[in-house]
Amino acid sequence: MNILRLDNAELAYGEQKLLHAASLTIETGEKIALIGRNGTGKSTLLKVISGATQLDDGQCWRMDGIRIAYLSQDLPLAQDQSIIDVVRAGLETSPEQWNIEHKVERIIDELSLPANQTMRESSGGLRRRTMLAQALVGEPDLLLLDEPTNHLDIPAIDALQKRLQASATTLVLISHDRTLVDNIATRIVELERGVLTSFPGDISTYLARRDKADADEAVANRKFDRELANEEAWIREGIKARRTRNEGRVRRLQALRKERAARVSKQGNVKLKLDEGQQSGNIVAELERVSFGYDEPLIEDFSTRITRGDRIGIIGANGSGKTTLIRLILGELTPATGLVTRGTKLQIAYFDQQRSLLNDSETVRDNVGGGSDHVQIGETTKHVAGYLADFLFPSSYLNMPAAKLSGGEKNRLLMAKLFAQPANMLVLDEPTNDLDIETLELFEELLADFPGTILLVSHDRAFVDAVVTSTIVFEADGSLKEYVGGYTDWQRQAQSTRAKAPVVDATSKKRSNESKRNQRLGYKAQRELDALPDMIEELEAARDEVQALVMDPDFYKKPEVEVKKILSQLQTLSDDVEAAYTRWEVLSEGADQM
């Protein structure tokens with residue numbers, strides 16, 4: 001049964017058309033994922049559906065008596081109202097009043113909310129979960145969720161996913177979390193250039209069909225442009241052609257010109273490129289029996305070694321200590337006990353979730369260029385306007401204060417700022433917030449080709465799976481454990497361990513460094529292990545070849561510059577061999593458990 005219908009919807013803000021002849025029908029029980037680039041108008045469409053925003057033209061029909069709950073992507077203000085009272089407010093339109101307290105208690109328990117704590121006392125993630133509870137508790141006919149996973153940790157996202165899977169409520173969801181979309185959505189609707197297009201199936205099916213549609217459109221546009229060029233050439237021929245020209249053909253040319261002028265170009269892709277800097281030393285950081293805490297311990301007796309090229313995901317609930325661990329590794333905090341040793345030649349690009357490197361009062365141009373008209377990317381010099389265009393900032397944005405940018409635009413600006421700096425170590429603390437799916441995929445491709453070290457904190461489960469080869473997990477009992485593979489590998493290994501492990505004291509937090517990585521290998525890690533022997537053989541052959549040059553009696557008779565270059569090459573190859581053997585040993589330990 002139809003519960004809502006959008007017919008020939010028109011809506012524009014200034015010159016930007018957010019909806020143009022857009023149509024959409026929502027059936028009872030559907031779970032629709034609304035997808036589109038940042039700034040295309042997805043949030044505005046939810047406001048239209050909810051009734052908060054009116055159309056310029058067209059119709060939005062809603063079923064009589066329909067109850068709609070809407071979760072905005074913006075965090076609520078920190079007020080003195082208690083969490084339980086905020087949740088109760090979601091029951092105001094509920095037709096059932098007899099079991100209100102039971103409903104409230106159940107949703108508070110599901111989302112692990114401290115009922116009597118005030119919103120002012122609560123973190124951003126806690127306030128977000130409270131507003132989610134308010135939207136869910138009334139069991140509305142239509143639930144509208146705008147980026148519900150923002151500010152949530154992985155345990156909270158898992159709980160939300162289970163709740164939505166079990167619910168019969170009709171849902172329209174905006175989310176860049178591909179795992180959530182794949183597990184929840186029955187249909188994907190894309191908003192692109194004001195038009196709504198429906199795609200049945202999951203993210204992969206949508207991406208394949210969209211790519212085909214884009215390719216077909218590109219072919220049609222090229223054909224159209226050739227035809228227009230031919231007509232333009234005809235009309236510009238000499239006096240003879242003008243005397244005999246067909247007026248019908250002239251009118252057709254005018255129509256072609258209008259059609260070309262009205263064509264709305266598809267937004268391009270971000271062009272991501274990193275200045276990789278020099279190679280770091282083999283050891284990036286080593287933690288020996290490190291402990292740290294504030295009122296209560298966050299990290300106890302933790303040891304690990306991070307080597308060049310490691311790609312480590314850090315997973316845990318909000319407040320568990322993920323950012324604290326990063327700051328210990330970077331030397332921004334001093335451990336209460338234990339020792340942190342950092343490696344040499346480190347060039348660190350730190351993407352922090354607060355975007356503290358951005359200056360809101362400065363313009364987009366100055367945030368990246370620092371007052372200069374050019375940026376240096378490796379050996380290439382680029383004009384700051386062209387460089388920012390690679391990150392989808394048009395020229396009209398250059399002199400705009402960063403404070404006026406959206407969340408997704410600020411993330412792109414921070415990427416542009418960081419990627420212009422040479423770096424052999426990327427520290428990424430929640431870098432995926434507010435990014436659209438296309439940009440996320442390009443970001444993944446960039447990181448896949450990055451030869452340096454990566455530390456990643458992210459609640460985006462698909463992103464973690466795509467980027468990292470091992471994880472450090474803040475477990476529920478307070479301990480830190482390491483696993484081979486990404487999020488999915490950790491889930492499988494942790495579940496297997498819980499099923500097989502004998503009952504032990506759950507309050508025990510200590511662990512020895514020798515037990516790390518003692519888990520089954522994931523698919524990517526197994527591929528890496530299989531490839532390592534050939535890689536080691538090639539590296540050793542290259543090292544031995546350079547070593548033979550150094551052992552030649554006449555070697556030091558060469559020019560000093562050449563001697564230093566060859567010795568540096570030998571050291572690099574020796575470090576690479578050592579790193580490859582270390583990686584092989586670590587992965588082999590995991591494979592031995594299979």
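The values are calculated or read from the model by the stated rules, or taken from the named source; none is laboratory data. Worth saying up front: this structure is predicted, and the values here are computed from it rather than measured. Virtual Cβ from ideal backbone geometry, glycine too; neighbours counted across all protein chains shown.
Restricting segment 109-156 to residues that are surrounded by fewer than 23 Cβ atoms within 10 Å (Cβ to Cβ) and hydroxyl-bearing (Ser, Thr, Tyr), the residue that is nearest to Gly486 (Cα to Cα) is Ser112. Inside segment 432-452, residues that are in contact with a Ser or Thr (Cβ under 8 Å, 6 or more places away or on another chain) and over 29 Å from Thr572 (Cβ atoms) make up a count of 3. Among the residues of segment 377-397, are any assigned to a loop (DSSP other than H, G, I, E, B) and β-branched (Val, Ile, Thr)? No, segment 377-397 contains no residue that is assigned to a loop (DSSP other than H, G, I, E, B) and β-branched (Val, Ile, Thr). Scanning segment 340-377 for residues that are touching a residue at least 24 places away in the same chain (Cβ under 8 Å), small (Gly, Ala, Ser) and either in contact with a Leu (Cβ under 9 Å, 6 or more places away or on another chain) or farther than 27 Å from Glu430 by Cβ (or both) yields a single hit, Ala349. The number of residues in segment 158-180 being in contact with a Leu (Cβ under 7 Å, 6 or more places away or on another chain) and in contact (Cβ under 8 Å) with a residue 60 or more places away in the chain comes to 7. Residue pairs whose Cβ atoms lie under 9 Å apart, separated by 6 or more positions or on different chains, with the first residue in segment 65-88 and in the same structural domain as Thr44 (by TED's automatic domain parsing) and the second outside any loop (DSSP other than H, G, I, E, B) and of a type in the set (Asp, Glu), are Tyr70/Asp146; Leu71/Asp146; Ser72/Asp146; Gln73/Asp146; Asp74/Asp146; Ile84/Glu105; Arg88/Glu101. Looking across segment 76-100, the residues that are in a helix (DSSP H, G or I) and at pLDDT 80 or above come down to Ile83, Ile84, Asp85, Val86, Val87, Arg88, Ala89, Gly90, Leu91. Identify all residues within segment 398-416 that are surrounded by 20 or more Cβ atoms within 10 Å (Cβ to Cβ) and touching a strand residue (DSSP E or B) at 6+ places or on another chain (Cβ under 9 Å); write none if there are none. Selection gives Ala402, Asn411, Leu414, Met415, Ala416.
Considering only residues in segment 1-35 that are within 23 Å of Gln165 (Cα to Cα) and not in a strand (DSSP E or B), the one that is modelled with the lowest pLDDT turns out to be Met1. Residues in segment 426-445 that are assigned to a loop (DSSP other than H, G, I, E, B) and in contact with a Gly (Cβ under 8 Å, 6 or more places away or on another chain) were compared, and the one that is surrounded by the most Cβ atoms within 10 Å (Cβ to Cβ) is Leu435.
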